[in-house]
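**Student:** After the structure tokens below, expect a handful of questions from me.
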Amino acid sequence: MDNPKNELRPWRNIIFYKRKIDREIDREIDKEIEKDKPEKKFEPMIPPEKSYFRIGEVSEITGVPAYVLRFWETEFTKIKPKRASSGQRMYRKSDVELVFKIKRLLHEKKYTIQGAKQFLLSESAECRRGDKASATVMEEIRSELVAIRQLLD
């Protein structure tokens, strides 16, 4: 009646659960390692000699399919390629850089489209605030230079 296989079964369960716990611990360690890795800085490779790019070229440069670029044009109003006389979309370098930024926000940072829109809007608002601050600083510098000039005259 005593079957040696039955006696080993409790050990199987213990071994099974130990392995399961080990896998969970490994996953947690991998997550911690991923958090500690520095963020990858990807520099876009935009040809410097060209000022306008067709949609196929932008697709190759950025790795974003052309139909996604067309969709992003409707979602992100900052992407506004000019149209050639033939109707072909012609993207400027600033448009290509913006496509890279949107791709990074959506794919690497895992933003939603709405979240990426809000991020870009807040970023442009910060730039405008920075422009106002720099304008006041420039005005102060200008007035001080005028005062110095008057002292020298």
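The values are calculated or read from the model by the stated rules, or taken from the named source; none is laboratory data. Note that the structure is a prediction, hence the values are computed from the model and not measured. Virtual Cβ from ideal backbone geometry, glycine too; neighbours counted across all protein chains shown.
**Student:** Taking only segment 85-128 into account, find how many residues are among the polar types (S, T, N, Q), touching a helix residue (DSSP H, G or I) at 6+ places or on another chain (Cβ under 9 Å) and either surrounded by 11 or more Cβ atoms within 10 Å (Cβ to Cβ) or under 13 Å from Thr62 (Cα atoms) (or both).
**Tutor:** Residues that pass the stated criteria total 1.
**Student:** Continuing with the same structure: Hey, among Ser143, Ser85, which residue is of a type in the set (Ser, Thr, Tyr) and at pLDDT below 90?
**Tutor:** Ser143
**Student:** So how many residues does segment 58-88 have that are under 16 Å from Ile113 (Cα atoms), touching a residue at least 24 places away in the same chain (Cβ under 8 Å) and in a helix (DSSP H, G or I)?
**Tutor:** Residues meeting the conditions: 3.
**Student:** Right, here's the next one. Can you tell me which residues in segment 106-125 are under 21 Å from Ala66 (Cβ atoms) and in contact with a Leu (Cβ under 8 Å, 6 or more places away or on another chain)?
**Tutor:** Residues satisfying the conditions are Ile113, Ala116.
**Student:** Moving on to the next point. Quick one: how many residues across segment 30-54 are in a loop (DSSP other than H, G, I, E, B), within 17 Å of Leu98 (Cβ to Cβ) and modelled with pLDDT of 75 or more?
**Tutor:** Within segment 30-54, residues that are in a loop (DSSP other than H, G, I, E, B), within 17 Å of Leu98 (Cβ to Cβ) and modelled with pLDDT of 75 or more number 4.
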